[in-house]
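A short write-up of the structure that comes next.
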Amino acid sequence: MSRHNVAAVVKIIICGGDEAGRGAVIGPLVLSLVAVKKEHQRKLSEIGVRDSKMLSAKKRKSLYGKISKIAIDIKVDRITPDEINDAMRNHISLNELEAAHFARLFDMMQSEISEIYLDSPDVIAEKFGIRFNMSSSKPTKITGIRASLPKGIKATKVIAEHKADSKYPVVSAASIIAKVSRDADIEKLKRELKIDIGSGYPSDAKTIEAIRQDYKQGRLNPHIRRYWSTIGRIKQTTLDKFGIPIKDNA
């Protein structure tokens with residue numbers, strides 16, 4: 001077999017990472033990594049994979065199963081409201097927390113990943129890649145930054161970009177997996193608490209009303225991100241309007 005043919009059969013695996021629930025006031029921040037053979041990005045595009053925000057809930061659920069069949073590996077992780085609250089209390093940014101969780105998921109992958117694409121929440125996109133690099137125990141490299149690695153060690157290239165979920169199908173796939181997983185978490189929470197919390201986002205009137213109405217009973221307390229400015233406004237409005245004492249353990 002010629003050198004050209006040997007190179008042709010080398011399996012190049014790429015990975016994409018995205019989250020769902022970053023701006024929510026109720027429920028977890030869900031992260032997902034999806035790994036595929038590089039040539040299979042085309043298959044993701046062909047089945048209609050795109051940024052999850054541009055798809056209906058029904059379409060996302062349909063694609064979830066199809067992505068699972070194409071992917072070599074899928075990892076999902078959840079950052080709970082308690083962990084987010086604790087991080088905020090200790091002046092750890094959500095970006096730092098998210099990068100560390102992505103790195104933990106990446107370290108769990110068995111396949112040798114050539115490139116990992118991350119949807120960056122940092123103002124300077126590359127900074128998120130650096131946070132990820134520092135948290136991962138695997139050899140990784142960032143374009144433009146020299147890394148001192150032992151000779152012969154292959155490093156995964158880290159690409160952190162804004163709007164990566166609309167640029168790279170593998171990141172779009174991760175955004176769909178994360179969104180479907182978080183939606184399932186929210187539906188489960190509704191059933192367990194028997195409270196219609198809507199989507200869990202501050203733009204959702206059902207979410208805000210559920211928090212207001214639940215202040216007396218406090219059933220939502222373990223699921224609320226207490227350091228969000230929205231929560232402070234709800235507290236003040238509730239106190240002013242109803243005179244309800246608010247138990248806050250934060």
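The values are calculated or read from the model by the stated rules, or taken from the named source; none is laboratory data. Only a predicted model underlies this, so the values are computations on that prediction, with no experimental measurement involved. Methodologically, a virtual Cβ is constructed for each residue, glycine included, from the backbone with ideal geometry; neighbour enumeration extends over all protein chains shown.
All conditions in (1) out of contact with any His (no Cβ under 7 Å at 6 or more places or on another chain); (2) within 30 Å of I208 (Cβ to Cβ) hold for I79, with the sole exception of (1). List the pairs whose first member sits in the range 152-175 and is within 17 Å of D122 (Cα to Cα) and part of a helix (DSSP H, G or I), whose second member is modelled with pLDDT of 95 or more and aromatic (F, W, Y), and whose Cβ atoms are under 6 Å apart, counting only residues at least 6 apart or on separate chains? If the second residue must be modelled with pLDDT of 95 or more and aromatic (F, W, Y), the pairs left are A164/Y117; V171/Y117. Scanning the range 201-232 for residues that are among the small types (G, A, S) and modelled with pLDDT under 90 yields S229, G232.
Scanning the range 102-117 for residues that are crowded, with 22+ Cβ neighbours inside 10 Å and more than 13 Å from T156 (Cα to Cα) yields a count of 1. Considering only the range 104-125, how many residues are under 15 Å from G17 (Cβ atoms) and at pLDDT below 95? So the answer is 1. Remark: I177 matches the filter, which requires a residue to be surrounded by 16 or more Cβ atoms within 10 Å (Cβ to Cβ), touching a strand residue (DSSP E or B) at 6+ places or on another chain (Cβ under 6 Å), of a type in the set (A, V, I, L, M) and under 17 Å from A35 (Cβ atoms). Annotation note: of E19, E39, E98, the sole residue that is within 24 Å of K167 (Cα to Cα), buried (at least 17 other Cβ atoms within 10 Å of the Cβ), assigned by TED's automatic domain parsing to the domain that holds D165 and out of contact with any strand residue (DSSP E or B) (no Cβ under 6 Å at 6 or more places or on another chain) is E98.
Residue check: T238 meets all listed conditions (1) in contact with a Lys or Arg (Cβ under 7 Å, 6 or more places away or on another chain); (2) assigned to a loop (DSSP other than H, G, I, E, B); (3) modelled with pLDDT under 90 but one, namely (2). Per the listing A164, A160, A155, A184, the residue uniquely modelled with pLDDT under 95 and under 30 Å from K69 (Cβ atoms) is A155. Scanning the range 179-222 for residues that are part of a loop (DSSP other than H, G, I, E, B) and among the charged types (D, E, K, R) gives K194, D196, D204, K216, R219. When the residues of the range 118-138 are filtered to those that are hydrophobic (A, V, I, L, M, F, W, C) and in a loop (DSSP other than H, G, I, E, B), the one that is surrounded by the most Cβ atoms within 10 Å (Cβ to Cβ) is I124.
Scanning the range 10-60 for residues that are under 25 Å from D107 (Cα atoms) and of a type in the set (V, I, T) returns V10, I12, I13, I14, V30, V34, V36.
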